[in-house]
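Heads up, the thing below is written out as structure tokens.
FYI, it's all coordinate maths here, none of it is from the lab. Nothing here was measured: the structure is a model prediction, and the numbers come from that model. Note that we place each Cβ from the backbone using ideal geometry, even for glycine, and neighbour counts take in every protein chain shown.
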Amino acid sequence: MKTNKAKVAVIGLGNIGKVVASNLVKGNREVIVASQKLEDAKANATNLGSLAMATDVKTAIKEADIVVMSVWFSTIQELFKQYATELQDKIVIDPSNPIAPDGKGGFKKIIGADESAGQILKGLLPKGAILVKALGSLGAASLANEAFQNPIKVLFYASDDTSVNNTVEELIKDNGYEPVNIGGIDQSIRMEVFGELHEFGALGKAITKSELKQTV
Ligand SMILES: NC(=O)c1ccc[n+]([C@@H]2O[C@H](COP(=O)([O-])OP(=O)(O)OC[C@H]3O[C@@H](n4cnc5c(N)ncnc54)[C@H](OP(=O)(O)O)[C@@H]3O)[C@@H](O)[C@H]2O)c1
């Protein structure tokens, strides 16, 4: 199928990556999937059907316009170094939450209380790449279950480069959500875990735009 839409690659096929890839296919969007192991990507693409294509991480980044980094915060930093050349001119989507198990069954933040993964990653971004904080403000279960609802639920995004807004909004719509821009990367902390716009922060659940107006 030929499309004029930006080409999306989902890198990392765990909880979030699988849901993003599956939402995109439900939204009738082609998706390239890649992960640490090529056989995982191939199995995932087979499950998703003809709109999905599996490849290795390097090829996926090269082929895509939008690269969804659905891997852990520390892995994103490694991939920035490893694929600095391939990531030039790409829209890089960062869904990461900078957390680790706290040993008591919960999670703790692994960066300063006032720091965000978005801002740290912006400082490490390969030259020419554009960072967008998005697709991480809901837990994976909600991201799957609340997609394509009527009334539609919102997903937030933040970027310092407004030239990509239309492309990012199309990506969020094709994931089954209404996009809401919250400003620049300095706003990321609000939509990361424990933040006012995160499911596991003040927000508590997926909400509609009219609920958002009443809440925030
Ligand atoms: N889980 C959630 O509810 C949730 C919600 C919001 C945001 N997030 C954020 O989303 C990101 C992913 O979380 P997750 O829960 O989906 O993690 P996950 O289930 O552990 O999945 C991570 C995926 O990344 C792959 N991976 C690891 N190293 C890689 C590499 N070097 N190159 C390519 N792929 C690699 C893993 O492959 P292997 O299995 O082979 O190691 C796995 O498929 C994190 O930054 C997290 O903070 C998660």
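The order of 73, 148, going from fewest to most other C-beta atoms within 10 Å of their C-beta, is 148, 73. Within the straight-line cut-off of under 22 Å between alpha carbons, the lysines reachable from residue 90 are 2, 5, 7, 18, 58, 62, 81, 122, 127, 133, 173, sequence neighbours fewer than 8 places apart in one chain being disregarded.
Estimated at 0.36 nm per residue, the fully extended path between residue 43 and residue 113 surpasses their Cα-Cα distance by 21.3 nm. Residue 56 to residue 74: extension gain in nm, 0.36 nm per residue of separation minus the Cα-Cα distance? Between residue 56 and residue 74, full extension yields 4.5 nm more. The alpha-carbon of residue 37 sits under 17 angstrom from the alpha-carbons of these aspartates and glutamates, leaving out residues fewer than 8 places away in its chain: 56, 78.
Between the beta carbons of residue 150 and residue 181, assuming R0 = 30 Å, the FRET efficiency works out to 0.85 to the nearest 0.05. Averaging 1/r over each pair of different alpha-carbon atoms in the chain and inverting the result gives 17.1 Å, the Kirkwood hydrodynamic radius. Once the Cα-Cα distance is subtracted from the 0.36 nm per residue extended length, the residue 208 to residue 173 segment shows a gain of 11.3 nm.
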